[in-house]
Amino acid sequence: MKMDIIISGVGGQGNIFASIVISQYAMSKNFNVLGAETIGAAQRGGSVVSHIRISDGEIYSPIISRGQADLLIGMECVEMLRHLRLLNPQGTYLLNSLRIPTVLNNMGLDEYPDLQEILEAARKYCPNGYVIEASVLAKKLGNIQMTNVVMLGALARIMPFFEYERIKEIVKENSPARFQEANLQGFAEGYKLIS
Amino acid sequence: MGEKKFVMGNTAIARGALEAGVRVVAGYPGTPATEIVEECVGVPGVHVEWANNEKVAFELCTGASLCHVRAMPVMKHNGTNFVTDFLMHVNFTGIRGGLVLISADDPGGLSSQNEEDTRILVHQYAHLPVFDPCSPKEAKAMVKMAFDLSEKTELVFCLRPVTRVCHARGIIEFEDLPKELPPPHYEPDRERFIMSAVELPQFGGLKRPQIRHRWLNEKQNLLKQIMEESPFNWIEKGEGKVGLIGCGMGYTWIKEAEQFVEGKLPLLKIGTLPLPRRLLLSFVRGLEKIVIFEETEPFVENLCKTIFQEEKINIEVLGRSGFLPADGELNLLAVLEGIKKAGPTVKVNIPETPPLDIHIPIRTRTQCVGCNYRGILNALKQTVRKYKGIVAGDIGCHDAGSFRPIELQSTIYCMGSSVPMASGLALTGMNRPVFAFIGDSTFYHNGILGLMNAASNKINVNVILGENTVTAMTGFQPHPGTGVTLAGEKTSPVNVPKLAESMGISYRVVNPYDIKQCREALEAAVKEAGPSLIVSSMPCYLLSTRRGQKVFEPREVQVNEERCNGCMICINDFGCPAISYHKDKKKVSIDKMICVGCGLCVDVCQRGAIS
């Protein structure tokens, strides 16, 4: 068994928290886990991508290569597109339909593709995808920073590999006390987002 | 059996050092090495510090080592370059307590100004041993062994992890820390530790540097013997006449590639320099061709070629001298292409995916929304435009002012180079004002030397010190201007105005959230002969926010669409991610979700359309 996961987003979206929850979950199920992340200048609004590799056998590279990912979690549209070719077209993607323009988009010197175009490109590449408004829900729940837990909730709904109760426990363990309740609510609401 | 934890490669390296009984850890922050230092904090009896630069860190660690204490200087490749002068002396003297240099390389320049291979500097130039880990787990084992071997050989050992090892996360076993460490003691040994051109009668009057060089050369035999038996080198048997050699991450990529290759090719895993010569020779017996995968230069490749020439072995040696890409990181596809090209009969399945037919915008880095640098950069942009000025930049958060849209700094090289570069630009007599923009951490690193030089040589340069009181870019490490140690103890922060006074430089302290004040100070500096310093002083917004401290009174700002004429000054000269331009309306708007209410844009807009 192997499960290679990419989480892509923009600095500040809580990408690394999600990656730690997933990795600890896999560890708690006695799988081998290896991963990597691009950090550094990420908190300044750059692209952030986490690679998580889960296997019952030996894992070598911490980086997932072209077409090898089984799951792609896109926390932002363009950032998902940027890493889409890492996904096996037979795999699954979960996209938060949030669009965060780049500096050049703001300047009017570069076009950010429109949502329909993005969804079409993704669908054409991989038929098995889920698109949710995780940031909209997170904001409604009081804090856009909860986008990551909303997406983890949705993940527990679409991938049988992720057991709801156990992931919930790990979200709880990793949440600072003052965010614990809100994070668990976000997780539960995220689960309900997908029918 | 110790406890198993899911941690970063950098944590694994730190843990390895602590388990080996390291007592002094010092470094200067730099991606990808930063967390190694931070992860050593909090262990009783271990002194951990951020030094103001890597050379200071290394020298301090050497002092500790001479007292038979284990020490570890930590840096990224640029730091190792900076340490070169000291390295070329400590290699001759040797050390006492285990001294392990961590020199992290960043192939591909993922978060660096350059890419380079410090194995060459440390091994070829300084003749010191290097371990090149293939994973966080191996990095930990290597650090532990390096401390023992460093003491045994009396030589500095180097661990050279690359970004993919430092920033990988894996399951690492934590073993116990040593309960008791041997007490420090010091005995003078001037024959070793006074590096000077002293004549030595016992060597027929030869000078000491030559004799110490001889000592280092003689150590090489011992090192070669040790590496021959190292657990970090091994052979994996396979079929055929084409063999693969994987060094560090190169080995990891070969193992990854094996699942896409039919049959098993002979494989030699190398983790040490010097090379295990006998192991290498036994590996190539019967092979016609070898391909060497290493990060990043063809270094092991060239060492192999030399050995084969000495041994009169006729074998084709391929690698990063042109057969494989000669720059950038290795990756699965490059390794598979290399194997396919080297062995036409080997069946290689290169993974393919359908192309994407959609434009993907690039996301360039910028300052945080609310960052005070945006105020001083905007004032400088206006001043530069008015007086046809030139700006030499430096390393740090302000460097994003050189990217689109602001495009202010004209040069960025390495730590501290802005002030001397600007001095050079200024003294040519172009009759254009020249500025240097430098952050405070970089200033204390070695930028201060450039300022002293400008002062003592009366060079007409305008130095802007972005004083945000922390090393922000790498994650808020303290520096000599912060007033606190890494362990959280209070210290006296450097007083920059007093420093400027003592150098005889005129200085002006400004609040970067007051663009008008900044502009006036910059204009005054331009009109003044001789060097001048502008201290743009305000704590880092992001760090202050995290600590619940206010650096400005947040205000609600909005665009008056009737007044906005779409001139785009607030975008092109300011570049705040919260402001965007709408082509259809030819107006800008402020995204309330992103805006933090610093209010700087109100002063940027010349038409009063933002309030």
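What about A:GLY67, is it facing another protein chain (nearest Cβ under 10 Å) and at pLDDT below 95?
It is false that A:GLY67 is facing another protein chain (nearest Cβ under 10 Å) and at pLDDT below 95.
Looking at (1) small (Gly, Ala, Ser); (2) at positive phi; (3) without any contact (Cβ under 8 Å) to a residue 40 or more places away in the chain, which one does B:GLY396 not meet, given that it meets all the others?
Looking at each condition in turn, B:GLY396 falls short on (3).
Considering each of B:PHE58, B:PHE82, B:PHE86 in turn, give the residue that is among the hydrophobic types (A, V, I, L, M, F, W, C) and either modelled with pLDDT under 95 or over 17 Å from the mean Cα position of the chain (by Cα) (or both).
Going through B:PHE58, B:PHE82, B:PHE86 in turn, just one is among the hydrophobic types (A, V, I, L, M, F, W, C) and either modelled with pLDDT under 95 or over 17 Å from the mean Cα position of the chain (by Cα) (or both): B:PHE86.
With segment B:465-562 as the region, which helices (runs of 4 or more DSSP H) entirely inside it contain at least 1 residues that are in contact (Cβ under 8 Å) with a residue 60 or more places away in the chain?
Once the helices (runs of 4 or more DSSP H) in segment B:465-562 are filtered for at least 1 residues that are in contact (Cβ under 8 Å) with a residue 60 or more places away in the chain, what remains is B:515-527, B:541-546.
Go through segment B:284-307 and give me each residue that's in a helix (DSSP H, G or I) and either closer than 26 Å to B:PHE157 by Cα or modelled with pLDDT under 95 (or both).
Result: B:PHE299, B:VAL300, B:GLU301, B:ASN302, B:LEU303, B:CYS304, B:LYS305, B:THR306, B:ILE307.
When you scan segment A:103-135, how many residues do you find that are assigned to a helix (DSSP H, G or I), more than 10 Å from chain B (Cβ to nearest Cβ) and loosely packed, with under 15 Cβ neighbours inside 10 Å? If you could, list the steps in order and put the result at the bottom.
Step one: filter segment A:103-135 for residues assigned to a helix (DSSP H, G or I), giving A:103-107, A:115-125, A:134-135.
Right, trim to more than 10 Å from chain B (Cβ to nearest Cβ) and you get A:115-116, A:119, A:123, A:134.
Applying the additional criterion that residues be loosely packed, with under 15 Cβ neighbours inside 10 Å yields A:115-116, A:123.
Summing the residues that are assigned to a helix (DSSP H, G or I), more than 10 Å from chain B (Cβ to nearest Cβ) and loosely packed, with under 15 Cβ neighbours inside 10 Å in segment A:103-135 gives 3.
When A:ILE100 is evaluated against the numbered criteria (1) surrounded by fewer than 22 Cβ atoms within 10 Å (Cβ to Cβ); (2) within 11 Å of chain B (Cβ to nearest Cβ); (3) in a loop (DSSP other than H, G, I, E, B); (4) not polar (S, T, N, Q), which criterion, by number, is the only one it fails?
The number of the failed condition is (1).
Being closer than 11 Å to B:ILE102 by Cβ and of a type in the set (Phe, Trp, Tyr) is the filter here; which residues of segment B:10-65 pass it?
The answer is B:PHE58, and nothing else.
Quick one: which residue in B:CYS598, B:CYS540 is out of contact with any Asp or Glu (no Cβ under 6 Å at 6 or more places or on another chain), surrounded by 20 or more Cβ atoms within 10 Å (Cβ to Cβ), modelled with pLDDT of 95 or more and within 14 Å of chain A (Cβ to nearest Cβ)?
After applying the criteria, what remains is B:CYS540.
Going by the structure shown, is A:GLY45 facing chain B (nearest Cβ under 7 Å) and modelled with pLDDT under 95?
Taking the combined requirement at face value, the residue satisfies it.
Test each condition in (1) under 36 Å from the mean Cα position of the chain (by Cα); (2) on the phi > 0 side of the Ramachandran plot for B:PHE293 and report the one that comes out false.
(2) is the only condition that B:PHE293 fails.
Scan (1) in contact with a strand residue (DSSP E or B) (Cβ under 8 Å, 6 or more places away or on another chain); (2) in the same structural domain as B:THR383 (by TED's automatic domain parsing); (3) farther than 30 Å from B:GLY30 by Cβ for the single condition B:SER537 breaks and write down its number.
The single condition B:SER537 does not satisfy is (3).
May I ask you to verify whether B:MET430 is surrounded by fewer than 24 Cβ atoms within 10 Å (Cβ to Cβ), within 18 Å of B:ASN81 (Cβ to Cβ), of a type in the set (A, V, I, L, M, F, W, C) and over 20 Å from the mean Cα position of the chain (by Cα)? Can you show your working first?
Working: surrounded by fewer than 24 Cβ atoms within 10 Å (Cβ to Cβ): yes; within 18 Å of B:ASN81 (Cβ to Cβ): no; of a type in the set (A, V, I, L, M, F, W, C): yes; over 20 Å from the mean Cα position of the chain (by Cα): yes.
When the stated conditions are applied, B:MET430 does not pass them.
Say we look at segment A:80-97 and pick out the residues that are part of a helix (DSSP H, G or I) and more than 7 Å from every other protein chain (Cβ to nearest Cβ); which of these is surrounded by the most Cβ atoms within 10 Å (Cβ to Cβ)? Walk me through how you get there before you give the answer.
Quick first cut of segment A:80-97, residues part of a helix (DSSP H, G or I) only: A:80-86.
Filter again for more than 7 Å from every other protein chain (Cβ to nearest Cβ), leaving A:80, A:83, A:86.
Details: A:MET80: 28, A:HIS83: 22, A:LEU86: 21.
Taking the candidates together, the pick is A:MET80.
Kindly provide the set of residues from segment A:52-79 that are β-branched (Val, Ile, Thr) and part of a helix (DSSP H, G or I), ordered by number.
Within segment A:52-79, A:VAL78 is the sole residue that qualifies.
Identify, from the list B:THR383, B:THR353, B:THR366, the residue that is surrounded by 16 or more Cβ atoms within 10 Å (Cβ to Cβ) and in the same structural domain as B:GLU520 (by TED's automatic domain parsing).
B:THR383
The values are calculated or read from the model by the stated rules, or taken from the named source; none is laboratory data. A quick note: this is a predicted structure, and the numbers were derived from the prediction, not measured. Ideal geometry is used to build each Cβ from the backbone, glycine not excepted, and the neighbour counts take in all protein chains shown.
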